[in-house]
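For reference, the structure discussed in these notes is given below.
The values are calculated or read from the model by the stated rules, or taken from the named source; none is laboratory data. Nothing here was measured: the structure is a model prediction, and the numbers come from that model. FYI the Cβ positions are ideal-geometry reconstructions off the backbone, even for glycines, and counts take in every protein chain you see.
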Amino acid sequence: MEFTNFDNEQSSQNIMATILKSLPKESGLTKIEYEGPSIALYSKNPRFLIENSQILSNMVNIIRKRVVIRSDESIRKSRNDSTRIIQNRLLPLKVKTTGIFFDDALGELTIYISNSSEMKNQIENAILLDLVSETGWKIKLRKSTVKLPTIQFIDKVLDNSTDYRIKFYKEVGDKVFRPKLSPSNFEASIVTLGGFGEIGRSCLLVVTKESKILLDCGINTLDEKAVNYFPRFDMTGFTLDEIDAVIITHAHIDHIGFLPFLYKYGYRGPVYCTEPTLPLMILLFLDYHKNHEIYSEEDITNVIIHTMPLSIGVVTDISPDVKLVLYNSGHILGSTSIHLHIGNGNHNLVYTGDLKFGKTNLLENASWNFPRVETLIIEGTFGSKDLPHKREETDPILVESINQTLREGGRVLIPVPIIGLSQELIYTLTKYQELGSLEPSAEIFVDKSILEATYIHELYSDYLSKEIKTKILNENVSIFNYKNLKVLTSKSKLDKPGIILVPSSMLNGGLSVKFLKQIHNDPLSKLILISNQVTGTLGKEIQTGHTEVTINGQQKLKLKCKIESIHGFSNHSDYNQLLAYISRLKPKLKRVIINHGEKPRVQNLASSVNKILNIQCQYLLVPEAIKLL
């Protein structure tokens, strides 16, 4: 979807007049309101607007604003009546539900269906519009085979904050669509607050005359120095309540971990991300809160209340002079690259977040076809030339390594992050078990947070690759073979052969350290490292050959278990993929900035972009500021 310079200075009255002129009486329009970054159309006949989507499409092409349909409160039936109507309609179809959630603030209800995706599609095609007419609610369907604690927690928080959210959405809308204070003479700059020349606490501030927008907001759990733990907000010269918006690329702690602190210390603005990113974020926050207790549950609920999920590829006004489009970055479920259109086409900035420009099983390759980009900020995690194995070479190496250990009666410990690589690995292992290449009877022991994140992948399967979505629809099966997955807890003790998938991926605490203690003295067992191991972590220490290590600064372990590193599973782009991605962008970039990587690697990538691609490229450190225009 392309940006245009069309009527950026349109008055509110002109927009409203265009909407009224575009919609026929049959639309049942009752009111028009700003709702966060959208214009909400309330209707007594939402079915008409849903069925006649071309009318809305034509109108949006004129006003160039994001529009959403809302059912008028007067036609919404009560929750009890609506539930009864839904159950009566679904019963003949033998539909099984795991819950119904009513969102009064948006006039939407979500039906969680435990049947197949094929059944979900049948309902959408057959009776969904009838249900909209009969209940007066906009309806979404989600496939969920089990009740997920994180989803239930989010739904409860949203339900308890209806009045506040209605008010909040209007306040954000008034700020987004207010007239510009400086219609001309545009300026824009960026300030690096974290994640430049380092991995961890990714945080970048974009400043214009009208806006202060934060891109990611992470923490660095790998650095023991307090000054390096949080983003450097102390260097900005303004308070948190001056930030207009926060945009999150994806749900990893090094990109989101400071969000609860933002609300703890006074921020009350919106957070923008994709729909699956919200539950994945909250899953991590609740897990982190349980283990560290450095922020409260109230801080987490504030993140939920203020988050406004967006769809990929939709142009959205987030301030008077900045438009946003999210593009798939291929890293984890719901991960995106951020495209900001600043001013009246004065400057286009793309911040990739974590990027995978290469093959994985679960996700599509990162998007690259942006309409315009002047400045690209791209990760440099693997900015050096020490290339990992190609993915097609990696699978058989891993399978044989695991089989060998299982045959000898050993246990295989694979430390993984809760989200992303763990689901890719579960899919891969269960696939090879079904094919018979990997011992079919081998049990795969997983942390319960990893298992819930895996179920969330099924809940938002529309964000997975086309191949996987086709498999789900045509084969009518789960993409993950749950029968061999066994849940682990902190009290579990494993003394039999099996595969253990637990966090953290760099042995930086958590269950991976607990189970390392269980297998470290067993020469039949094996530790397999498949994640990128950052300097200063226990994982990096072991990977570089140390067999005598210290746990938690106290307990010493002499490792007798086998140790193996298998590269190629990374959900980051390697050196060649990063160069290929940069070269693919058209027209030629004016500037490339490298972030998210250890200093030698970002230095190397910046040098290569300058020499090989002949594009002005630099790496920044923390904190630095540069002017874009």
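Look through Asp495, Asp447 and report the one residue that is of a type in the set (Asp, Glu) and more than 22 Å from the chain's Cα centre (by Cα).
Unique residue meeting the criteria: Asp495.
Restricting to region 254-277, count the residues that are over 11 Å from the mean Cα position of the chain (by Cα) and either closer than 26 Å to Lys167 by Cα or modelled with pLDDT under 95 (or both).
14
Specify which of the listed residues (Glu134, Glu187, Glu118) is touching a Lys or Arg at 6+ places or on another chain (Cβ under 6 Å), of a type in the set (D, E, K, R) and at negative phi.
Glu187
Considering only region 548-569, how many residues are surrounded by 15 or more Cβ atoms within 10 Å (Cβ to Cβ) and small (Gly, Ala, Ser)?
Number satisfying all stated conditions: 2.
When the residues of region 175-195 are filtered to those that are at pLDDT 95 or above and out of contact with any Gly (no Cβ under 9 Å at 6 or more places or on another chain), which remaining residue is surrounded by the most Cβ atoms within 10 Å (Cβ to Cβ)?
Leu193
Conditions (1) closer than 19 Å to Thr150 by Cα; (2) surrounded by fewer than 22 Cβ atoms within 10 Å (Cβ to Cβ); (3) in the same structural domain as Ile419 (by TED's automatic domain parsing); (4) at pLDDT 95 or above, marked per residue:
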position: Pro279; (1), (2), (3), (4): yes, no, no, yes
position: Asp287; (1), (2), (3), (4): yes, yes, no, no
position: Glu298; (1), (2), (3), (4): yes, yes, no, yes
position: Met308; (1), (2), (3), (4): yes, yes, no, yes
position: Ser319; (1), (2), (3), (4): no, no, no, yes
position: Tyr327; (1), (2), (3), (4): no, yes, no, yes
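Output the number of the condition that Asn361 fails; it satisfies all remaining conditions of (1) under 25 Å from the mean Cα position of the chain (by Cα); (2) modelled with pLDDT of 95 or more.
Here Asn361 meets the rest and fails (2).
Here are the criteria: (1) buried (at least 20 other Cβ atoms within 10 Å of the Cβ); (2) within 23 Å of Arg76 (Cβ to Cβ); (3) modelled with pLDDT of 95 or more. Tell me which single one Thr30 does not satisfy.
Checking Thr30 against (1) buried (at least 20 other Cβ atoms within 10 Å of the Cβ); (2) within 23 Å of Arg76 (Cβ to Cβ); (3) modelled with pLDDT of 95 or more, the one that fails is (1).
Which condition breaks for Arg372 when tested against (1) over 26 Å from Ser182 (Cβ atoms); (2) in a loop (DSSP other than H, G, I, E, B)?
If we test Arg372 against (1) over 26 Å from Ser182 (Cβ atoms); (2) in a loop (DSSP other than H, G, I, E, B), just (1) comes out false.
When you check Leu585 against the structure, is it under 28 Å from the mean Cα position of the chain (by Cα) and crowded, with 21+ Cβ neighbours inside 10 Å, yes or no?
no
Val172 - would you say it is outside any loop (DSSP other than H, G, I, E, B) and out of contact with any strand residue (DSSP E or B) (no Cβ under 8 Å at 6 or more places or on another chain)?
For Val172, the condition - outside any loop (DSSP other than H, G, I, E, B) and out of contact with any strand residue (DSSP E or B) (no Cβ under 8 Å at 6 or more places or on another chain) - is not met.
Which numbered condition trips up Leu41, out of (1) of a type in the set (A, V, I, L, M, F, W, C); (2) touching a strand residue (DSSP E or B) at 6+ places or on another chain (Cβ under 8 Å); (3) modelled with pLDDT of 95 or more; (4) surrounded by fewer than 19 Cβ atoms within 10 Å (Cβ to Cβ)?
Condition not satisfied by Leu41: (4).
Exactly one of (1) more than 20 Å from Pro276 (Cα to Cα); (2) at pLDDT below 95 is unmet by Thr470. Its number?
Exception for Thr470: condition (1).
Yes/no per residue for (1) more than 20 Å from the chain's Cα centre (by Cα); (2) over 23 Å from Ile305 (Cα atoms); (3) not aromatic (Phe, Trp, Tyr):
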| residue | (1), (2), (3) |
| --- | --- |
| Lys147 | yes, no, yes |
| Ile151 | no, no, yes |
| Val172 | yes, no, yes |
| Ser182 | yes, yes, yes |
| Phe186 | yes, yes, no |
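When you go through (1) surrounded by fewer than 20 Cβ atoms within 10 Å (Cβ to Cβ); (2) in contact (Cβ under 8 Å) with a residue 24 or more places away in the chain one by one for Ile593, which number turns out not to apply?
(1)
Restricting to strands (runs of 3 or more DSSP E) lying wholly in region 415-502: which have 3 or more residues that are in contact (Cβ under 8 Å) with a residue 24 or more places away in the chain and buried (at least 20 other Cβ atoms within 10 Å of the Cβ)?
Where strands (runs of 3 or more DSSP E) fall fully within region 415-502 and carry at least 3 residues being in contact (Cβ under 8 Å) with a residue 24 or more places away in the chain and buried (at least 20 other Cβ atoms within 10 Å of the Cβ), they are 444-447, 498-502.
Might you let me know whether region 239-260 holds any residue that is under 19 Å from Glu624 (Cα atoms) and in contact with a Pro (Cβ under 7 Å, 6 or more places away or on another chain)?
For region 239-260, residues under 19 Å from Glu624 (Cα atoms) and in contact with a Pro (Cβ under 7 Å, 6 or more places away or on another chain): absent.
Per-residue answers, yes or no, for (1) within 30 Å of Gly330 (Cα to Cα); (2) among the β-branched types (Val, Ile, Thr):
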{"position": "Lys514", "(1), (2)": "no, no"}
{"position": "Asp522", "(1), (2)": "no, no"}
{"position": "Gly536", "(1), (2)": "yes, no"}
{"position": "Thr544", "(1), (2)": "yes, yes"}
{"position": "Gln554", "(1), (2)": "no, no"}
{"position": "Lys560", "(1), (2)": "no, no"}
{"position": "His567", "(1), (2)": "yes, no"}
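Within region 503-560, track down each residue that is of a type in the set (Ser, Thr, Tyr) and either within 21 Å of Glu198 (Cα to Cα) or in contact (Cβ under 8 Å) with a residue 24 or more places away in the chain (or both).
Listed by number, the residues that qualify are Ser504, Ser505, Ser512, Ser525, Ser531, Thr535, Thr537, Thr544.
Mind listing just one residue for me: the one in region 140-162 that is in contact with a strand residue (DSSP E or B) (Cβ under 6 Å, 6 or more places away or on another chain) and not in a helix (DSSP H, G or I) and, of those, nearest to Leu90 (Cα to Cα)?
Only one residue tops the list, namely Leu141.
From Gly266, Gly237, which residue is surrounded by fewer than 22 Cβ atoms within 10 Å (Cβ to Cβ), in contact (Cβ under 8 Å) with a residue 12 or more places away in the chain and among the small types (Gly, Ala, Ser)?
The conditions single out Gly266.
With respect to the numbered conditions (1) surrounded by fewer than 20 Cβ atoms within 10 Å (Cβ to Cβ); (2) closer than 22 Å to Asp462 by Cα; (3) among the hydrophobic types (A, V, I, L, M, F, W, C), which one is the sole condition not fulfilled by Ile111?
The single condition Ile111 does not satisfy is (1).
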